[in-house]
Every structure is written in C-alpha cells, then in structure tokens.
1. Leaving out same-chain residues fewer than 8 places away, which lysines sit with a Cα under 23 Å from that of K280?
2. So for the pair T307, D245, with labels modelled 7 Å out along Cα→Cβ, what separation do we get in nm?
3. State the Cα centre-to-centre distance between region 1-77 and region 208-246 in whole Å.
4. Pick from H357, H254, H237: which residue has the top mean-square fluctuation in a GNM of the chain where Cα pairs under 10 Å get a spring?
5. For E71 and V288, calculate 0.36 nm times their separation in residues minus their Cα-Cα distance, and state this gained length in nm to one decimal.
6. DSSP beta bridges in the chain, what fraction antiparallel, as a percent rounded to 5?
7. What is the Cα centroid distance between region 111-128 and region 137-200, reported in whole angstrom?
8. Among T172, T379, T182, determine the one that fluctuates most according to a GNM of the chain built with springs between C-alpha atoms less than 10 Å apart.
Amino acid sequence: MYDFCVIGAGIVGVAVAREILHRQPGSSLLVVDKADALAAHQTGHNSGVIHSGIYYGPGSLKAELSRRGAEMTTGFALDHGVAVDVRGKLLVATDDAELARMRALHERSEANGLDVEVLDAVELRRREPAITGVGALFVPTTGIVDYRRITEVMADQVRSAGGEIRLGTAVTAIAESAAGVTVSGPSGSWSARRLVVCAGLQADRLARMAGIRTEFQIIPFRGEYYELPASRSELVHHLIYPIPDPALPFLGVHLSPTIEGGLTVGPNAVLGMAREGYRKFSVDRRDVWEYLRFPGFYRVVRAHLRTGVGELRDSLLKSGYLARCRKYCPELTIDDLLPRESGIRAQAVLRDGTLVHDFLIERTPRSLHVLNAPSPAATAALPIAETVARRLLAEC
C-alpha cells in the first residue's frame with residue numbers, strides 16, 4: 001500500500017505530489033494519468049501566461065492563489081533554469097462602456113493588493129504603437145512561461161524524492177474504506193492511505209467514481225488560437241488583453257507573446273463537443289450526451305445564448321475572429337491569422353446553470369478532490385498544492 005496516490009499528471013497534480021513529498025519526506029507516493037505524457041491537456045494547451053490575479057473577487061481562492069502563484073511560478077522558473085519573461089500586460093478599453101468596466105477592474109485590483117497603473121490613450125499609444133484604445137491598465141507582474149516544462153521539472157523532483165509516476169494508466173474505479181483507498185483500472189489495482197484527485201477535464205467523473213455527490217458537471221469549452229507569422233512577432237511587446245465581461249469566466253481574445261518568441265491570438269470560448277478533442281469539429285458522443293442530460297447546461301445556454309452564438313459565428317468565420325482583435329489592434333489582417341492547436345477549458349457548471357468561477361476543492365475522510373481548476377490554475381499550481389497538501393495532511 002502506498003502512503004499517497006495522486007490521480008492526474010497535469011501541473012496541479014504533479015505540484016501536489018511534489019508538495020506532499022516535501023512535507024512528508026520518505027513517503028511512498030504514486031502519480032497516475034491515463035495520458036501517455038505529462039501535462040497532456042489543459043496544462044499543455046494554454047497561452048503560457050503567468051496571471052496576476054487582477055480579475056478575481058477579493059477573498060476568493062483564485063485572487064489569493066493567483067497573486068501568490070505569479071511570484072512563486074516566476075521564482076521556480078528562475079531557480080530551475082526554465083525560461084520566463086515578466087514583461088507585463090495591458091488591459092485595453094476601446095470604448096466608454098469598457099472604460100467604465102476598466103475603472104471597476106482597477107478598484108478590484110486595489111482590493112486584491114496588486115500594483116496596477118492606469119494609462120490614458122496617449123500613454124497607451126506611446127508604449128504600444130500598434131494598439132488603439134481610450135485607456136488601459138498596466139499589470140507589471142504578468143509574464144510568460146512554458147507550463148509543460150515547469151511540469152516536467154517538478155516531475156523530476158517527484159521522482160528524485162522517491163515518488164513514482166505512471167503514465168498511460170487509466171482509472172475506472174475508486175473504493176474508499178476506513179483503511180485507505182483502492183484505485184482500479186485496466187492495468188490493475190493499487191491502494192493508498194490517502195488519495196488526491198486532480199483530474200481536470202474528468203474531475204466530475206472521478207468524483208462520481210469516489211462516491212462524492214456532485215451537484216456540478218464539467219462542460220468543455222474550446223479555446224481556439226491563431227499564430228501570427230514570424231514577421232509579425234515583434235508587433236507588440238506586452239501581453240494585450242481586452243477588458244473582460246465580468247459575467248463570464250473567459251478573458252476574451254488577446255495577443256500573447258510566447259516564451260518561444262512567437263505571438264499568438266486567442267482564445268475564444270466555443271462550446272466543445274469533446275472533452276479531449278482538440279481538432280475542430282471533434283465529437284465525443286459520451287461527452288455530448290452527458291451534458292445534454294444535465295439541466296444546468298440548458299440554463300447556461302439560455303443565460304448566454306447571444307454570447308454563445310457570437311462565439312460560434314466567429315469560430316466559423318475567421319473575419320469575425322479578426323474583428324475582435326482589430327478593436328484594439330487595427331493593423332492586423334486576415335492573412336496574419338495562421339492555425340494553431342486549440343485548448344479546452346474544463347468549466348464546472350452547477351445544476352442551476354451557475355458557472356463556478358472559483359477553484360473548488362472537496363474532501364472525504366481519506367481523499368481530496370480538486371473539482372474545478374481552470375485558468376489560472378497553471379499560474380496558481382504551487383500555492384494550490386500547498387493548500388491541498390495542508391488540508392490532506394491535517395488528519396494524517
């Protein structure tokens with residue numbers, strides 16, 4: 001029997017394993033994941049942004065852990081030779097309505113203890129000549145990094161501390177008893193005294209396997225990206241974001257320099273037809289059938305029908321996608337939008353149609369489940385791991 005088992009080898013799962021072994025050196029620990037590679041899903045399909053925590057409600061886990069996570073992620077990368085670039089982000093308002101939302105966002109940033117600078121249109125243009133707006137917020141702590149590489153380095157630390165990582169190992173059953181937790185799959189069964197589940201896109205299914213009564217379901221949203229030609233990679237220096245709609249958990253289509261030297265545009269947020277289908281028009285019948293049977297899905301559709309139709313239209317028509325970018329970067333052309341692999345956000349939705357905005361963590365006597373950890377979970381992975389390990393080990 002292992003002392004600990006962690007299901008999920010994305011950045012959160014591997015960070016949790018690393019933290020447990022740091023706090024309990026010499027423990028036996030197993031990490032399993034059905035994918036054949038580390039960071040195969042949300043961790044490896046994002047913008048690579050180190051988020052500051054500006055968007056999130058004061059007092060929320062996201063606000064607290066993102067702020068700490070930005071500092072910890074940058075420090076980890078610097079300490080372990082992982083390329084990182086903290087160049088700052090500009091949130092650009094393009095009209096009076098967005099300017100009002102920008103001011104409200106500035107107030108929130110102050111409540112969250114962030115150092116944010118307010119820019120007028122002239123200063124915005126001076127700093128970024130290709131960007132047009134009536135004002136902007138400058139967030140200096142935003143950076144870029146390769147989260148897949150961060151995960152690989154942490155996985156090496158897990159192995160060096162005596163932990164075991166098994167990839168290509170699916171889980172089909174979880175049984176908890178007073179003595180421990182037994183996990184089973186096609187490759188066999190194993191037991192652990194404590195279990196942590198960081199399953200991302202499969203979080204609700206693993207929770208049901210463990211007997212947790214879930215009042216939510218994961219609904220996938222595809223985030224489609226484009227990449228600009230190499231000749232346009234110096235178009236902007238900072239990350240360029242629109243002012244987000246506070247009613248939605250998505251941040252809008254943005255320009256993001258990458259740590260490899262490229263420049264991406266995206267993502268949008270289109271209802272996904274497959275939890276792990278990254279190709280356009282990918283369909284998984286089981287995934288679709290599950291959310292069609294879920295009452296919260298229809299409530300989300302009714303509440304956000306206009307937004308959803310717009311997202312779908314702009315997914316199908318590149319000209320619509322381009323129009324979003326041209327609001328703040330008018331010199332972009334349709335030929336600048338080159339294809340890039342999509343990402344998929346695991347969005348937890350309650351039965352009443354509420355989108356779960358904050359990180360969601362629940363526990364049983366011998367297990368702990370990270371049920372909702374979409375963006376900025378990569379940024380916040382290290383402090384999430386501290387939170388999970390502290391709660392898990394409190395009763396050991």
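Values in this text are rule-based calculations from the coordinates and carry no lab data. Bear in mind the structure is a predicted one, so any value in this text is a computation, not a measurement. Methodologically, a virtual Cβ is constructed for each residue, glycine included, from the backbone with ideal geometry; neighbour enumeration extends over all protein chains shown.
1. Here the lysines satisfying the reach criterion relative to K280 are K34, K318.
2. Going by the 7 Å Cα→Cβ label model, 0.5 nm.
3. So the two Cα centres are separated by 17 Å.
4. Largest GNM mean-square fluctuation: H237.
5. Extra length available between E71 and V288 comes to 74.3 nm.
6. Values: 47 of 66 bridges.
Percent antiparallel among DSSP bridges in the chain is about 70.
7. First find each Cα centre; the distance between them is then 39 Å.
8. For the chain, modelled as a Gaussian network with Cα springs under 10 Å, the answer is T172.
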